Amino acid sequence: MALSYITYRVFLYIPTLFVILFIVFSLVKLLPGDPIRVMYGELEPPPEVRKALEEKLGLDKPFIIQFLLYSYRIFTGDWGKSVHTGEPVAELVLRRFTATLELTIVSLAIASIIGILLAYIAVMRPGSFVDRLAGLVSMAGYSMPVFWWGLILILAFSVNLQLLPPGGREGFESLVLPSLTLATVNFGLICRVSRAAMLEVYSQDFVIAARARGFHERRVVIWYVMRNAAVTIVTLVGLRFGILMGGAVITETVFAYPGVGRMIVEGIFARDYPVVFGGIVFVALVVMTINLIVDLAYAILDPRARVTRL
Amino acid sequence: MVPKFLISIPYMLRALYREPTTAIATTVVLGIIVLAVLADYIAPYSYSEPNLWKRLKPPSWDHLLGTDHLGRDILSRIIYGTRPLLYVITVAVAIAASTGTLIGLLSGYFGGRVDLLLSRVIDALMSFPAILIALAIVAVLGTGLEKVVIAIGIAEASVFARLARGLMLVEKEQLYVLASKAVGAGSSRIIFKHILPNIAGPLMVQATFTAAAAILWEAALSFLGLGAQPPTPSWGLMLYEAKDYMRTAPHAMIFPGLAIFIVVLSFNIVGEALRDMMDPRFRRVMR
């Protein structure tokens with residue numbers, strides 16, 4: 001059973017992967033401008049040169065063949081070169097992504113601590129004033145315009161207090177403000193997911209039994225409710241990894257943080273399309289793969305999921 | 001036939017005004033429409049007329065929220081900013097809701113191979129962070145408010161597709177669907193005339209959340225310099241212009257951002273309240 005679910009999920013992953021590549025490839029094809037004219041310095045090359053170039057780039061082949069060639073290049077690591085620096089896109093993306101990953105993980109840690117703590121407080125008294133306040137605070141978190149909140153933090157901690165650098169990536173200090181900014185928009189999500197998962201466990205018999213044994217409410221929540229909800233919380237947060245990455249793109253731009261998101265935005269301004277679409281494909285692949293891993297891990301840890309999620 | 005949710009609007013409004021938090025949020029949401037329509041009468045100054053003698057003035061009685069780098073009144077620009085805001089909300093939500101719902105309905109209703117294919121497309125689109133789809137589309141279409149709105153609409157469509165598919169899977173098992181099949185109604189009639197009105201409620205709730213998301217994304221893209229172009233009083237663009245003067249005139253940056261925050265929060269609060277009012281059997285299908 002477990003095996004059949006895993007094969008099923010992996011088999012779904014492959015077509016989805018191709019759909020992603022297809023979408024990106026179609027967008028690249030829709031880009032304004034003729035690639036050969038761009039290579040020839042915006043001039044019309046002689047017909048024989050044009051023909052030779054078209055053959056070399058595979059532009060004379062049918063759309064679907066071009067797409068397969070593109071997919072082949074993506075899988076073999078040939079992601080093209082940056083139009084401006086000539087650096088291979090695959091290397092550039094990997095280097096930039098390390099920075100993004102660092103930011104995402106640190107901010108996710110902060111967001112999880114705040115989010116789960118807030119959910120814990122809310123679940124202790126469901127429906128109370130505290131619960132509703134926690135709900136409102138987390139909603140305020142994800143209603144926050146990331147870029148604005150980032151600027152406010154820069155204003156407070158870099159301009160006025162001069163405690164932390166306003167941007168860049170030099171040492172631990174430069175990571176504090178970006179990760180706090182990103183954590184602010186993400187803790188709300190984690191708080192709601194945790195609260196919902198904990199409430200689901202809350203009404204089960206073994207929790208009532210634990211309470212009947214006279215355990216303190218705090219102990220009931222931490223030892224019985226939280227531990228049982230943990231797998232669900234991790235899964236639901238993992239499945240929303242894409243949303244977390246989306247916030248990182250903007251945060252990086254505000255703090256001039258050299259991650260993959262800022263690379264994409266700069267690429268759009270510089271019309272460096274190999275870099276733009278290389279970055280986009282990479283992030284999409286990462287998000288998809290993480291979703292798959294989380295899903296599989298959940299199916300292995302909690303056998304009930306295999307049936308209900310099919 | 002008038003859909004159920006239209007009849008219930010007065011009831012919904014009364015319920016929204018029962019609690020202080022939702023009452024304030026509803027007022028903000030409705031207030032945007034009023035401000036957009038009456039901006040010419042309410043705004044104390046023009047949104048585009050520069051006044052270089054009054055550049056970057058802090059808040060005062062003449063200019064309640066101060067002036068920006070061209071001496072324009074920030075309050076007036078925020079008031080006029082409800083117009084591009086309303087444009088972004090309506091167009092982006094309309095694109096997202098119509099394309100997404102259509103894909104979801106077809107996928108859910110027909111099942112089988114259609115579903116398998118369309119579900120992969122939905123999955124693929126959901127793997128992209130919405131901002132990346134929007135950036136990719138902007139890279140192709142070019143910058144500007146209209147293009148950004150299309151990009152957001154497409155980026156948010158997958159949410160509607162997934163929701164509509166889930167609702168359809170539940171709804172198509174209902175007896176009335178069987179009854180309409182029995183009297184010989186065609187697929188399109190069953191989907192759009194019978195099922196769609198019955199699942200419109202949750203889709204409307206999702207539209208409220210999508211409106212909140214659309215405001216945030218438009219502001220973000222305009223903040224990156226990819227969206228609205230000057231002198232449009234887009235709040236995101238105002239932030240973009242003000243960030244260079246952050247040290248000397250922080251007010252020019254603080255107020256437009258505050259406006260975005262309050263409006264997005266209000267949309268989310270209203271959406272949440274509407275969702276709680278909905279038939280509980282839909283609550284499970286929604287996030």
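The values are calculated or read from the model by the stated rules, or taken from the named source; none is laboratory data. A quick note: this is a predicted structure, and the numbers were derived from the prediction, not measured. Positions of Cβ are generated from backbone atoms using ideal geometry, with glycine treated the same way; all protein chains shown enter the neighbour counts.
Points to keep in mind about this one:
- Condition check for residue B:246 on (1) surrounded by fewer than 21 Cβ atoms within 10 Å (Cβ to Cβ); (2) more than 7 Å from chain A (Cβ to nearest Cβ); (3) without any contact (Cβ under 8 Å) to a residue 24 or more places away in the chain: one failure, at (2).
- Hits in region B:223-238 (condition: within 9 Å of chain A (Cβ to nearest Cβ) and either surrounded by 24 or more Cβ atoms within 10 Å (Cβ to Cβ) or on the phi < 0 side of the Ramachandran plot (or both)): B:223, B:224, B:226, B:235, B:236
- Helices (runs of 4 or more DSSP H) contained entirely in region B:1-94, each with at least 3 residues that are modelled with pLDDT of 85 or more and buried (at least 19 other Cβ atoms within 10 Å of the Cβ): B:20-42, B:74-80
- In summary, helices (runs of 4 or more DSSP H) completely within region A:1-114 and bearing 3 or more residues that are within 14 Å of chain B (Cβ to nearest Cβ), within 30 Å of residue A:258 (Cβ to Cβ) and among the β-branched types (Val, Ile, Thr) occur at A:2-30.
- Any pair with Cβ under 6 angstrom, 6 or more apart, that starts in region A:147-169 at a residue that is facing another protein chain (nearest Cβ under 10 Å) and ends at one that is surrounded by fewer than 20 Cβ atoms within 10 Å (Cβ to Cβ) and among the small types (Gly, Ala, Ser): A:166/A:158
- Failed criterion for residue A:226 (all others in (1) crowded, with 17+ Cβ neighbours inside 10 Å; (2) within 14 Å of chain B (Cβ to nearest Cβ) hold): (2)
- Candidate set from region A:126-141 (those that are of a type in the set (Gly, Ala, Ser) and outside any helix (DSSP H, G or I)); member that is modelled with the lowest pLDDT: A:127
- Helices (runs of 4 or more DSSP H) contained entirely in region B:101-208, each with at least 1 residues that are away from chain A (no Cβ under 14 Å) and closer than 29 Å to residue B:84 by Cα: B:145-171
- Taking the criterion of being among the small types (Gly, Ala, Ser) and more than 7 Å from every other protein chain (Cβ to nearest Cβ), the residues of region B:252-266 that qualify are B:252, B:259, B:266.
- Restricting region A:111-125 to residues that are over 22 Å from residue B:265 (Cα atoms) and touching a residue at least 24 places away in the same chain (Cβ under 8 Å), the residue that is surrounded by the fewest Cβ atoms within 10 Å (Cβ to Cβ): A:124
- Applying the set (1) facing another protein chain (nearest Cβ under 10 Å); (2) farther than 18 Å from residue A:236 by Cα to residue A:173 leaves exactly one unmet item: (1).
- From A:144, A:124, residue being within 13 Å of chain B (Cβ to nearest Cβ) and more than 24 Å from residue A:272 (Cβ to Cβ): A:144
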